[in-house]
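What follows is a short report on a single structure.
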Amino acid sequence: MNDEYAAGLIDGEGYIGIQEAGGSFQVRLKVSMTDKGLPALHALRKMYGGKVDPDREATATNRASHTWRLTGESAASVIRRLRHLLLVKGAAADVALEFDVMLTAAPMRPNRGRYWTDEMRERAAMLKRRIQEANRRGPDPESPALPDAKPLAVYRWGWWWEPEDDLFGPVEFTGSLPTSGSMIAG
């Protein structure tokens, strides 16, 4: 396995996030696949570390699934290494790396943990919300409005007509339709 293949797995089957546990936060990286993908997950573990765990047992309708997980500085290191190759997860990777920069600037405790100030917790929570937004599926909530376009002609009853009727009803379209163009909302 090489970095390009790993980045493709992360883009297609992966998740980059920030998790909160016990008042502190850390970067999280995971890739989930059915048992057919188990060799790829073990290759990720061998190349970057982490662990592979079962997620779901096989049922009558679903195959068993497994997940490769990596957290903390190890996850941030892999994201940093692969960032230039990530296309789909690029925005989430950028937020995770911004979080990692904030975390590495924090002073160390004697036990090698970080001191978490209230300001850091607030910023980490904000970055967690940003990464959740980057990972959100579905259409954008604020989709741009479509332009108000008036059709050249309308097709009714097997014939082309002017888009607006006159006083006496439909008016046959006598103009010419474009040979090519663009489609709006369809």
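The values are calculated or read from the model by the stated rules, or taken from the named source; none is laboratory data. This is a predicted model, so every value here is computed, not measured. All Cβ positions, even for glycine, are placed from backbone atoms using ideal geometry, and neighbour counts span all protein chains on display. Just so you know, the surface numbers come from the protein's heavy atoms only, side chains and all, with ligands and any DNA or RNA stripped out. Shrake-Rupley method; radii C 1.70, N 1.55, O 1.52, S 1.80 Å.
Could you tell me which of the residues Val88, Val78 is touching a helix residue (DSSP H, G or I) at 6+ places or on another chain (Cβ under 6 Å), within 18 Å of Asp3 (Cα to Cα) and surrounded by fewer than 16 Cβ atoms within 10 Å (Cβ to Cβ)? If you could, list the steps in order and put the result at the bottom.
Numbers: Val78 fails: surrounded by fewer than 16 Cβ atoms within 10 Å (Cβ to Cβ).
From the options Val88, Val78, the qualifying one is Val88.
So that you can scan it fast, the table gives a plain yes or no per residue for (1) closer than 22 Å to Met102 by Cα; (2) of a type in the set (Val, Ile, Thr):
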| site | (1), (2) |
| --- | --- |
| Met1 | no, no |
| Ala7 | no, no |
| Asp11 | no, no |
| Gly14 | no, no |
| Ile18 | yes, yes |
| Arg28 | yes, no |
| Ala40 | no, no |
| Met47 | no, no |
| Ala60 | no, no |
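So, in region 23-74, exactly how many residues are within 30 Å of Ala105 (Cβ to Cβ) and open to solvent by 20 Å² or more (accessible area, probe 1.4 Å)?
15
Only one residue in Ala7, Ala60, Ala21, Ala43 is touching a helix residue (DSSP H, G or I) at 6+ places or on another chain (Cβ under 6 Å) and modelled with pLDDT under 95, so which one is that?
So the residue among Ala7, Ala60, Ala21, Ala43 that is touching a helix residue (DSSP H, G or I) at 6+ places or on another chain (Cβ under 6 Å) and modelled with pLDDT under 95 is Ala7.
Which of the residues belonging to region 151-186 are among the β-branched types (Val, Ile, Thr), part of a loop (DSSP other than H, G, I, E, B), open to solvent by less than 90 Å² (accessible area, probe 1.4 Å) and modelled with pLDDT of 75 or more?
Listed by number, the list holds a single entry, Val171.
Report whether or not Gly138 is at pLDDT below 85, touching a strand residue (DSSP E or B) at 6+ places or on another chain (Cβ under 9 Å) and under 30 Å from Asp3 (Cα atoms).
Taking the combined requirement at face value, the residue does not satisfy it.
From the set of residues in region 9-55 that are touching a strand residue (DSSP E or B) at 6+ places or on another chain (Cβ under 6 Å) and aromatic (Phe, Trp, Tyr), which is nearest to Leu85 (Cα to Cα)?
Tyr15
When you check Ser32 against the structure, is it in contact with a Phe, Trp or Tyr (Cβ under 9 Å, 6 or more places away or on another chain), without any contact (Cβ under 8 Å) to a residue 60 or more places away in the chain and not aromatic (Phe, Trp, Tyr), yes or no?
Here the answer is yes, as Ser32 does meet what is asked.
Pairs, please: C-beta under 7 Å, at least 6 apart or cross-chain, first residue farther than 14 Å from Asp94 by Cβ and in a helix (DSSP H, G or I) and in region 114-131, second open to solvent by less than 70 Å² (accessible area, probe 1.4 Å) and of a type in the set (Lys, Arg)?
none
Would you mind telling me which numbered condition in (1) open to solvent by less than 40 Å² (accessible area, probe 1.4 Å); (2) within 17 Å of Glu73 (Cβ to Cβ); (3) within 19 Å of the chain's Cα centre (by Cα) Glu98 fails?
(1)
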